[in-house]
Amino acid sequence: MANVVITFRIMPQDPGIDLKQIEDEAKKEIVKFCNSQEFKTSIEPIAFGLNALNIIFVMDENKGSTESLEKKINEIKGVQSVEVIDVRRAIG
């Protein structure tokens with residue numbers, strides 16, 4: 001099977017939430033879930049000072065759904081929601 005590249009959009013509860021702390025905790029959950037150390041993160045302005053955290057990571061498609069990982073990240077303090085905004089099969 002192949003690897004897939006997944007992008008999560010993580011929305012904080014309010015503009016004052018420290019996205020760096022959420023990023024660190026989310027990365028720990030991703031490592032536990034799919035044993036991946038490959039990440040790319042970005043901050044996406046949404047509106048009125050609110051920013052979303054986008055995390056791109058690679059996982060083996062044999063892991064199946066990311067639903068349990070999304071639930072774990074959603075439990076992080078300060079997280080309003082987590083959604084998968086992109087899934088692509090890695091080539092190479």
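Check residue 38: other-chain or 5+ apart residues with amide H under 5 Å from its amide H, H built from backbone geometry? For residue 38, whose amide H was placed from the backbone, the distant partners under 5 Å are 58.
Evaluating 6.51 cos²θ - 1.76 cosθ + 1.60 at θ = phi - 60° for every residue in the range 35-48, the Karplus couplings come out as 6, 9, 10, 9, 9, 9, 10, 8, 9, 10, x, 9, 5, 6 Hz, glycine and proline recorded as x. Which whole-number percent is the relative contact order of the chain (Cα, under 8 Å, 6+ apart)? This gives 51 percent for the chain.
Available extension along the chain between residue 67 and residue 18 is 15.2 nm, counting 0.36 nm per residue and deducting the alpha carbon span. For the peptides 9-18, 41-50, the ranking by mean Cβ contacts within 10 Å, running from highest to lowest, is 9-18, 41-50.
Largest accessible area first, the residues 58, 84, 79 order themselves as 84, 58, 79 under a 1.4 Å probe with ligands, DNA and RNA left out. Lysines near residue 63 by alpha-carbon distance under 26 Å, same-chain residues fewer than 8 away left out - which ones? Partners found: 27, 28, 32, 40, 71, 72, 77.
Rounded, prolate or oblate, given the Cα gyration tensor of the range 3-92, with a/c below 1.5 counting as rounded? In terms of gyration-tensor shape, prolate.
Gain on full extension, evaluated as 0.36 nm per residue between residue 35 and residue 91 minus their Cα-Cα distance, stands at 18.2 nm. Largest to smallest in accessible area, the residues 61, 83, 75 fall in the order 75, 83, 61 (1.4 Å probe, all protein chains included). Per residue, the range 1-64 exposes an accessible area of 57 Å² to a 1.4 Å probe, with every protein chain left in place.
Applying the Karplus relation 6.51 cos²θ - 1.76 cosθ + 1.60 with θ = phi - 60° to the range 3-18 yields 3J(HN,Hα) values of 9, 10, 9, 10, 10, 9, 10, 10, 9, x, 5, 7, x, x, 6, 6 Hz, where x marks Gly and Pro.
The values are calculated or read from the model by the stated rules, or taken from the named source; none is laboratory data. On a predicted model such as this, the values are computed, not experimentally measured, just so you know. Every residue, glycine as well, gets a Cβ built from its backbone with ideal geometry; the counts of neighbours run over all protein chains shown. Side chains included, ligands, DNA and RNA excluded: accessible areas come from the protein's heavy atoms. Shrake-Rupley method; radii C 1.70, N 1.55, O 1.52, S 1.80 Å.
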